[in-house]
Amino acid sequence: MTHQAFGAAGPAVSVIGQGSWYSEQGDRREAVAAFRRGLDLGLNHIDTAEMYGDGRSEALIGEAIAGRRDEAFLVSKVLPHNASRQGVRAACERSLRHLRTDRLDCYLLHWRGPHPLSETFAAFEALKQEGKILSWGVSNFDEDDLDEALATAGPGKIACNQVLYHLRERAIEHAVIPWCGKHGVAVTAYSPFGHDDFPATGSPQGKLLAEIAAAHGATPRQVALAFLTRQAAVFAIPKAGRVAHVEDNAGALNLPLSDSDLARIDAAFPRGRKPSSLPMI
Ligand SMILES: NC(=O)c1ccc[n+]([C@@H]2O[C@H](COP(=O)([O-])OP(=O)(O)OC[C@H]3O[C@@H](n4cnc5c(N)ncnc54)[C@H](OP(=O)(O)O)[C@@H]3O)[C@@H](O)[C@H]2O)c1
């Protein structure tokens with residue numbers, strides 16, 4: 001599967017997307033080219049946030065998607081301290097200006113902060129009514145936060161929960177993924193390569209990934225992404241500032257891992273016990 005519905009009623013979005021944290025810090029031309037190459041390869045899910053480079057990552061993406069807005073499923077995030085009723089509107093309008101677009105496909109609360117969820121969600125709903133955002137969701141929400149969010153918003157409103165998920169951090173498998181599956185909420189895995197902490201080639205974990213990859217004519221990172229997105233309604237958004245990297249990541253879109261592959265990865269990267277709070281970076 002290369003694309004699937006984003007949330008209960010959302011459009012088809014690429015299972016592998018494109019992150020953008022620190023994208024403004026590398027070679028700008030290469031980063032713009034990487035996002036465009038990603039779109040060519042069907043990676044339409046582009047993730048950013050007002051926090052990333054103080055809007056400079058959004059501006060870079062605005063440049064990358066110029067003339068191609070309709071191809072992208074564009075996600076941005078409001079900072080918690082801006083998530084008041086009026087603050088959300090101002091932040092969204094800034095993000096739209098940086099991105100040079102009239103709408104976001106999905107707008108997320110980056111993590112929980114000082115403002116009541118009822119205020120933030122009311123602001124999201126108002127922006128949705130006006131067509132400035134087409135859907136909204138949350139990020140870094142644990143099971144109890146999701147219960148509260150659902151009780152506040154009502155069913156069918158929350159499109160997505162974006163959370164930390166990589167081979168060495170599988171905490172969301174305990175409760176968050178099942179909760180989201182039950183309530184039709186998309187799970188977006190951020191930092192799927194551990195924010196540049198991918199198992200080294202010569203390590204036992206690295207060797208296992210390389211062995212499975214070789215059997216499929218694939219690469220270890222493709223195997224990791226395929227493992228993380230093995231369950232329905234889970235998406236992953238690796239950040240790639242280079243064309244070669246985005247091409248590599250796109251190769252995970254069509255990589256069916258066998259039950260035996262999944263079991264070997266599961267054993268090499270144990271899920272561990274449910275932590276007392278949801279890990280985030
Ligand atoms: N909601 C949240 O709180 C939150 C938190 C963290 C991240 N995020 C989102 O999730 C995205 C991804 O997470 P992340 O940026 O933390 O880390 P990541 O995607 O786990 O790792 C990014 C690193 O992997 C490298 N890379 C990517 N593809 C590669 C490939 N095929 N081969 C070799 N290296 C490769 C990148 O290098 P190059 O850049 O040089 O290509 C970069 O150094 C972020 O960019 C952001 O959009 C959200």
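Report the paramagnetic label zone for Asp40: residues of region 205-246 whose backbone N is under 14 Å from a point 7 Å from Cα along the Cα-to-Cβ axis. Residues 242-246 fall inside that zone.
A simple spin-label model places pseudo-atoms 7 Å from Cα toward Cβ; at Ala268 and Asp54 they are separated by 4.3 nm. The trypsin sites (Lys or Arg not before Pro) of region 184-281 that DSSP puts in a loop, and whose beta carbon has at most 11 other beta carbons within 10 Å, are Arg273.
Restricting region 96-157 to trypsin sites (Lys or Arg not before Pro) that sit in a DSSP loop and have at most 14 other Cβ atoms within 10 Å of their own Cβ leaves Arg100. Using a 1.4 Å probe on the protein heavy atoms, what percent of the accessible area of region 1-40 belongs to carbon and sulfur? Here carbon and sulfur together make up 49 percent of the probe-accessible area.
What you get for region 204-273, charging only the Cβ of Lys and Arg (+1) and of Asp and Glu (-1), is a dipole of about 280 debye around the Cα centre. Of the residues Gly26, Ile172, Gly272, the one whose Cα sits farthest toward the positive end of the charge dipole of the chain, with +1 on the Cβ of Lys and Arg and -1 on the Cβ of Asp and Glu, is Gly26. Only the Cβ atoms of Lys and Arg (+1) and of Asp and Glu (-1) were treated as charged; on that basis the dipole of region 52-134 about its Cα centre amounts to roughly 120 debye.
In region 147-281, Cα pairs under 8 Å separated by at least six residues give a relative contact order of 29 percent. Note on the chain: GNM, Cα springs under 10 Å; of Ile237, Ile212, Ile61, the largest mean-square fluctuation is that of Ile212. Label-to-label distance for Thr2 and Arg85 is 4.6 nm, based on points extended 7 Å past Cα in the beta-carbon direction.
Mean separation of Cα pairs under 8 Å and 6 or more residues apart, divided by the residue count, gives the chain a relative contact order of 22 percent.
This model, with +1 at the C-beta of Lys and Arg and -1 at the C-beta of Asp and Glu, gives the chain a dipole about its Cα centre of some 200 debye.
The values are calculated or read from the model by the stated rules, or taken from the named source; none is laboratory data. All figures in this text were calculated on a predicted structure; none of them were measured in a lab. So basically every Cβ, Gly included, is an ideal-geometry build from the backbone, and we count neighbours across all protein chains shown. Each accessible area value is taken on the protein alone, full model and side chains, heavy atoms only, with ligands, DNA and RNA left out. Shrake-Rupley method; radii C 1.70, N 1.55, O 1.52, S 1.80 Å.
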